[in-house]
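Only the coordinates and a few stated rules stand behind these numbers; no lab work does. All values reported here derive from a predicted model rather than from experimental measurement. No Cβ is skipped: glycine too gets one built from the backbone with ideal geometry, and neighbour counts run over all protein chains shown.
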């Protein structure tokens, strides 16, 4: 297996590189540095008689080679690393193909530099992948530079009801690959106004019971797959950032979420609630493809 991290010839962040290296150090798998040049070389219908695109691609290839050297210099010397350069129109499609060809366990990207430090922000490539990838997608917060060189725990975000039971198989495979335990939590936003709290207390109690039942079912499934798992309860805040702050995060934590139940089978699809949780997460995140329940 491998961990594939994608970036361009002029990377503006190393957060994805550091997360990919952390995953590779945890598992001992190969780290693939994939520098992608976005161009028109694979489009026969586009004519370039003056050779302008060829000259531009040569400059980009030189920049890509320098970017790979710089990335390698930031990694431990003992880490097994493969460096590749690819050219094409669609960066997400190239990264997906490389991941499939190299038996990647996860595709890793950094956050967009337009987002706040310490949070995950989707760029054009990551936004496409979290809505189409057949492989798990790892996202690092902007500025991520882990204090722990390994992943120590999976924090699995679970929704109430039965829809996330299909998540158990993928989550177990990820936890076993990393060799770490899992803790299951459910994040929720609830209006803190007194009248609202009083009015919907019964509804919330039923919702909370469903969430805890889902956690119990998935915990049992994880344990049957050899993962040490436990329930972390339901964490509530007046907004998503407040809800995620209720959890006792530790160095080496990895937040893991499943795809929307409306996603195509075997594809990642980040739903609206998961998007809010990802943006509020203080730790790296892995998004799992949607699978059919057995």
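Quick notes on this structure:
- Any strands (runs of 3 or more DSSP E) falling wholly within the stretch 71-190 and containing at least 1 residues that are surrounded by 16 or more Cβ atoms within 10 Å (Cβ to Cβ) and under 18 Å from the mean Cα position of the chain (by Cα): 104-109, 137-139, 153-157, 182-189
- Taking the numbered list (1) closer than 19 Å to residue 34 by Cβ; (2) without any contact (Cβ under 8 Å) to a residue 24 or more places away in the chain in turn, residue 77 passes all entries but (1).
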